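Student: Structure incoming, see below.
The values are calculated or read from the model by the stated rules, or taken from the named source; none is laboratory data. None of these values were measured; they are calculated from a predicted model. Quick reminder, even Gly has a Cβ in these numbers, built from the backbone with ideal geometry, and neighbours come from all protein chains shown.
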Amino acid sequence: MTNIAKNLTQVYSQIDQAAKNCGRDSREITLLAVSKTKPAAAIREAHEVGQRQFGENYLQEALAKIAELADLDIEWHFIGRIQSNKTRDIAAHFHWVHALASLKHAQRLNEQRPAELPPLQACIQVNITGEASKGGVSEANLPELARKIAQLPNLRLRGLMTMPDPNDPPAVQRTVFSRLRELQQELNAKLGLTLDTLSMGMSDDLEAAVAEGSTLVRIGTAIFGARDYAAGDN
Ligand SMILES: *Cc1c(COP(=O)(O)O)cnc(C)c1O
């Protein structure tokens, strides 16, 4: 087995164990392989052992890999920050977007989604801790944004995404995950939405995220190894 294949097996068993520990069924949890800065060959390797969902942050790099791997049945997730000048390509080339935080971006994606494609699956990123430097909508603005996005015909609002501060202690990170779950339940109860996705958990906080109800973990380093930004074009 290659390293990537071994790492994937390892991450899947970590997810299984984390699910068992809290009485969940691991089939409720999707593993998104985060391949940013990694070559198309690494994605192909993961695909060969059954991985189908891949996450990318940097648009130009992602578009090159999507073109190179067009022969594979991959579900592409854009997990990076969204900017207005990128929405057209995101709408045309991805199946999912995870970091929606403004109505303007959502409306652009909705307008630019090609008619022949199914709706773009979407998560709203929530900034739970309220740090100004972080992406995401505030809790206060979340309900109104969710209500409006849910009405856009070419987007399908699936749930919420968050990223705790990696410098915070694990206990604090866990409260961030648990708050995201509460917010999802509130939106479903108060707005009549049917959000089913909690995009939370990365290589270092997978267990806590699963314990708090994550349905999609975004794992890069534990599958593909450390990223070398200096070598990339980012
Ligand atoms: C890079 C990235 C990940 C993966 O992080 P790892 O620590 O390498 O698992 C997950 N989510 C987002 C939004 C990212 O940018």
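Student: Which count do you get for residues in the range 151-171 that are touching an Asp or Glu at 6+ places or on another chain (Cβ under 8 Å) and either closer than 15 Å to Val210 by Cα or not in a strand (DSSP E or B) (or both)?
Tutor: 5
Student: Out of everything in the range 33-67 that is within 13 Å of the ligand (Cβ to nearest atom) and assigned to a loop (DSSP other than H, G, I, E, B), what residue ends up being surrounded by the most Cβ atoms within 10 Å (Cβ to Cβ)?
Tutor: Among residues in the range 33-67 that are within 13 Å of the ligand (Cβ to nearest atom) and assigned to a loop (DSSP other than H, G, I, E, B), the one surrounded by the most Cβ atoms within 10 Å (Cβ to Cβ) is Ser35.
Student: Just the residues that are within 19 Å of the chain's Cα centre (by Cα), surrounded by 14 or more Cβ atoms within 10 Å (Cβ to Cβ) and within 16 Å of the ligand (Cβ to nearest atom), please, taken from the range 159-179.
Tutor: Selection gives Gly159, Leu160, Met161, Thr162, Met163, Pro164, Asp165, Gln173, Val176, Phe177.
Student: For Ala132, only one of the following conditions fails: (1) small (Gly, Ala, Ser); (2) modelled with pLDDT of 95 or more; (3) surrounded by fewer than 19 Cβ atoms within 10 Å (Cβ to Cβ). What is its number?
Tutor: Unmet condition: (2).
Student: Right, something else. Go through (1) without any contact (Cβ under 8 Å) to a residue 24 or more places away in the chain; (2) surrounded by 14 or more Cβ atoms within 10 Å (Cβ to Cβ) for Thr30 and report which single condition fails.
Tutor: Unmet for Thr30, out of (1) without any contact (Cβ under 8 Å) to a residue 24 or more places away in the chain; (2) surrounded by 14 or more Cβ atoms within 10 Å (Cβ to Cβ): (1).
Student: Does Ala92 satisfy the criteria of being surrounded by fewer than 20 Cβ atoms within 10 Å (Cβ to Cβ) and part of a helix (DSSP H, G or I)?
Tutor: Judged against the criteria, Ala92 is a match.
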